[in-house]
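Here's the structure we're looking at; comments come further down.
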Amino acid sequence: MTTTASQRAAEPATGGDRRTEGRLRAWLLAWLAFLPLAVFRAGVLAEPDTFWEIRIGRLIMAQHAIPATDTFTWTVHGKPYFLNSWGFDVLLGIAYRLGGLPGAAWLCALIVMGIAALALGLARALGASPAAAAAALFLAAAPLTIWLSARPSLVDYAAVPALVMLLRGLERGRARWAAVALTGLITVAWINLHAAALLAVAITGASAVLLLLVRRGAWRYAAAAAAAAALACLANPYGIGVLHQAVQVRDAAKQSIAEWMPLNWASPVQDLALAAGLASLVLAWRRREIVLTAALAVCIAGSVEAWRMLPFVVILSMPVLASFASGPPEPIRGYLASRRVMFQRCGALGLAALIAIAAPSLTHIGRPEPSMYPVGLVADVPHGCRLFTDVFTGSYSILARPDVLVSEDSRNNLYGPAFLVKEERVLQGYGNLSRGLAGAGCVLVPRSDALAQRLRHDPLWRVRAADQTAVLYVRR
C-alpha cells in the first residue's frame, strides 16, 4: 500500500500527540500519588481551631454579618474580637452544612490536593520531569504532614506557589499588566480567607527589589504588583485594622504556641527543611529565577523568626530541587541512570506503604482525634452549664454544644497571654481552686491534668462521667 504525503505528514504529529498525552498522564499520576496523604490527614481532625471556625462560619451565614464580640465563653463574654479567617470559616460552615465534619474534612483534603497541583505546576514550569517532581513531592510529604490539618493556613500554602507562578510570568515579560491585576485579585480573595495574605506584599516587594538589582526592565511591574497587593489587603471587613489584627495574633501566639517560636535548631526535621530551602535558594539564584529567589528568601527569613513558616520553604523548595534532579551533572546523571530500577521499586514500595497507612482513614473521615477530644463526655455536660476546660475540649464544645459556654478555646488573641497563663495554672492544680473555678458549674479536663486529681477529693465536686482520657465533674 502506498503512503500518501498527507499520511506521512500526519505521522509525526500523531507521535507528538502521544508523547504529550504520555507526559500529561505522568503528571497526573504524580499528582494522584499525593492523594493518600490528603486522605490520611482528612481521617482525623486534630486542629482545635477547626471546630469554632465551623461554628463562626455558620453564624455568619445565619446572621449575614461577621460577629464582632465573643459569644462562646463565660469568662470573656462580650469582648471585642477580630476574625482573621472569616471567609475560610464560611467555607467550612458550608461544607459542614452539606456533610457534617466529614464534609469539612473533605473540603480541606481538596485544598491539600490543590496545593500539590500548584507545586507540581511550578515544578513543570521550571523544567522538572514528572518522575523527579513526584519523588520530590513524596519526600516533602513527611515534613508537610503535620501542617496539612483543617485550618486556614491551607489557603496560604496554595496561594504562595500560585503567586510565584504569576510573578514569574511578569518577570519574563508575559502579559505584565494582567499579572499585576491578577496579583491584586488573588490577594483580595486571600486576605478575606486568611489574614496571612500580608505575605503577598512581602514576596512581591522583595521580588521588585531583586529585579531592580538584576533585571531592571521588570522591576516596575513587580513594584506595581506589590502596590496592588498592599491595596488589596485593605479590601477586608476591618480595613487597615488587619495590620493591628496580625500583630495582635502574633503577640498572643508567640508566647504560648510552639509553631510561633523561633526555629528549633535541635530539631532534625526543621534543620532538614531549612537546609532544603537554603539549597533551593542557591539553585534558584544561579538560574536567575529572581521571583523564586525572593519568595524563598522571605520564607526562610520568616522561618528563623517563627518556624510555622517552614511549610512555605518546603513547598517552594520541592519544585526547585525536582528541576535540579531532572538535569543533574553528568556523574550524578550516570549514577541515577544505573539505579533507575531500584529507585522505581523503592518509590512503588513507598507509595504502597502510604496507601496502606491512609486506607483505614476512609472509615472515619472527619473524626475528632479521640485522645484529644472527649466527644462522649462533651455530650454529657448538663444543659446550659458553664464549663471549665482546656483549649481543645473548649474548641470542640463550641461546635458540639452551642448551649454550653466554655472557659477558653484556642483563640489566643481573644484571651491574651496573662489570661492563658492563669487558666493553665488552674489546670495544673495550683492555687486556690475555689477562686480559680469561680463561676464554673462543670469541669471537663484530661485525666493527666493535676486539676482532675484534686477535684476527685474535693467535696464541692462530684464525678458525673469519665472515660479513658478525661473526667467530667459537676458542682454539688
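The values are calculated or read from the model by the stated rules, or taken from the named source; none is laboratory data. This structure is a prediction, so every number in the text was calculated from the model and none was measured. Note that we place each Cβ from the backbone using ideal geometry, even for glycine, and neighbour counts take in every protein chain shown.
Some points to look at:
- Residue count for the stretch 35-66 under the criterion of being part of a loop (DSSP other than H, G, I, E, B) and more than 17 Å from Ser397 (Cβ to Cβ): the result is 3.
- Meets criteria (modelled with pLDDT under 95 and of a type in the set (S, T, N, Q)) for Thr73: no
- Selected residue [without any contact (Cβ under 8 Å) to a residue 60 or more places away in the chain, aliphatic (A, V, I, L, M) and closer than 20 Å to Asn192 by Cβ] from Ile115, Ile54, Ile60: Ile60
- Residues of the stretch 215-247 satisfying the condition of being modelled with pLDDT under 90 and within 20 Å of the chain's Cα centre (by Cα): Val242, Gln245, Ala246, Val247
- Number of the condition not met by Arg386 [criteria: (1) farther than 17 Å from Pro36 by Cβ; (2) under 26 Å from the mean Cα position of the chain (by Cα); (3) crowded, with 18+ Cβ neighbours inside 10 Å]: (2)
- Between Leu139, Leu120, Leu126, the distinction of being surrounded by fewer than 18 Cβ atoms within 10 Å (Cβ to Cβ) and out of contact with any strand residue (DSSP E or B) (no Cβ under 7 Å at 6 or more places or on another chain) belongs to Leu139 only.
- Scanning the stretch 426-476 for residues that are assigned to a helix (DSSP H, G or I) and touching a residue at least 24 places away in the same chain (Cβ under 8 Å) yields Val426, Leu427, Leu433, Ser434, Leu451, Gln453, Arg454.
- Flag for Leu211 being closer than 30 Å to Arg151 by Cβ and either of a type outside the set (Val, Ile, Thr) or at pLDDT below 90 (or both): no
- Looking at Glu408, Glu423, just one residue is under 30 Å from Pro80 (Cβ atoms), assigned to a helix (DSSP H, G or I) and modelled with pLDDT of 90 or more, and that residue is Glu423.
- Looking only at the stretch 67-99, and only at residues there that are in a helix (DSSP H, G or I) and either on the phi > 0 side of the Ramachandran plot or of a type in the set (Gly, Ala, Ser) (or both), the one that is surrounded by the fewest Cβ atoms within 10 Å (Cβ to Cβ): Gly99
- Which listed residue, of Ala206, Ala179, Ala225, is of a type in the set (A, V, I, L, M), touching a Ser or Thr at 6+ places or on another chain (Cβ under 7 Å) and touching a residue at least 12 places away in the same chain (Cβ under 8 Å): Ala225
- A single member of Ile398, Ile365 is of a type outside the set (Ser, Thr, Tyr) and outside the structural domain of Val471 (by TED's automatic domain parsing), and it is Ile365.
- Scanning the stretch 369-405 for residues that are of a type in the set (Val, Ile, Thr), part of a helix (DSSP H, G or I) and without any contact (Cβ under 8 Å) to a residue 60 or more places away in the chain gives a single hit, Val375.
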